[in-house]
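Step one of this worksheet: look at the structure below.
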């Protein structure tokens, strides 16, 4: 065999760096053509790749046999390709976030090394937050009862509860003078529903509207068990939690399954705090790019926490949008440019948000003028030619002209339905149930 023949034989057995073997033929990995590799057969033999997913604490998460493609090998990884993670192969080869820009090449080279075993084991360990695979199902499983609060009465404190299964609404009213904790809960506080509890935080002392006077802000953090509340209506049990790291007012909160509550922004701070419901621990998580009062929050694509709009205290509406990748270990917020491409006025505030059809979001109600007009929008995720987010005007038929949401997230319940309780105006107590496929109010 000539020299050229010997070199070819060696290359078939031992691909060089930047090469892979496909059907006994050496092919070069093109840095600019990685996408095409996703459908390229990587191995014709019946090897087995065993996934052990430490992120989900599963010891035998998935086994794939047959003619493998990079799609199959990276089935779980590609969903979180912008994540921080570590991968440990069965032969103790490790790839971490320090090599994240080389991750695809490293995985391919490892799979096609000269000593490939019959079973390749890859252990995934994610360094960001542990979120469920299906966020909507997690919301459905975790919420059987939801609540709302009337915070603007200085003498009484009311909680509205709605039991989803039997469709029952209850109102519980208490004298503030009987509960010292209620001193701190007012219309400047924030609340959110999480696993049958209503969580409250922050606020400020009620003062005359003197813009020159510095308000007294609070950092108290409480929760109320809504199921226990319905069982024992005579006494209000308020569970005091560790105080927020920062005093804040006009801020926002959201529950992210299965154990996190985010406390976001406000009139005086751009900071974001994270409460771990299992560890009962508050930590400083990240920092917004700008001040946002009463912004609307939503988890998108099981990965990004979005902060929509809000307003600037004593100034104007804020129509920018930011997001944060929760799979990152050190989280940062980035701007989304969808509003810049809008062909219509977009200045909403106090609106609710719901998961919608085709992976889009429905922005509902609120108001965007001093006259209190409300508009609805569809927020389309990654839909234009450059995969940027877009906003479309939408008309949701509602009897009321104005719906403002204190807990702004419509919680998925079942059968393509989501639920929220808008702010109580006068004596009008209502629950809004939304058909998330057709965008219709069904109750």
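Arranged from highest to lowest average of other beta-carbon atoms within 10 Å per residue, in what order do the peptides 192-202, 230-240 appear? Provide the component values of the computation, followed by the final result.
Numbers: 192-202: 23.8, 230-240: 12.1.
Highest mean packing first, the order is 192-202, 230-240.
Computed over Cα pairs, the Kirkwood radius of the range 268-374 leads via Stokes-Einstein (1.002 mPa s, 20 °C) to a diffusion coefficient of 143 µm² per second. Highest mean packing comes first when the peptides 376-382, 250-256, 324-330 are listed by Cβ atoms within 10 Å, giving 250-256, 376-382, 324-330.
Do me a favour and compute the ellipsoid semi-axes for the range 135-441 from its Cα gyration tensor, root of five times each eigenvalue, largest one first, whole Å.
Working: eigenvalues 153, 101, 80 Å².
Three semi-axes, in Å: 28, 22, 20.
The calculated P(r) of the range 211-342, using every Cα pair and 5 Å bins from 0, goes 2, 9, 18, 21, 18, 14, 10, 6, 3, 1, 0 in percent. Would you mind getting the Kirkwood hydrodynamic radius of the range 138-254 from its Cα pairs, rounded to one decimal in Å? Taking the inverse mean of 1/r over all distinct Cα pairs, the range 138-254 comes out at 14.9 Å.
Given the range 294-443 reduced to its alpha-carbon atoms as identical point scatterers, what log10 I(q)/I(0) does the Debye formula return at q = 0.14, 0.21 Å⁻¹? Taking Cα atoms of the range 294-443 as identical point scatterers yields -0.67, -1.49.
A short reminder: the numbers here are calculations on the coordinates, not readings from a lab. The structure displayed is predicted, hence computed values, not measured ones. Glycine gets a Cβ as well: all are built from the backbone with ideal geometry, and neighbour counts include every protein chain shown.
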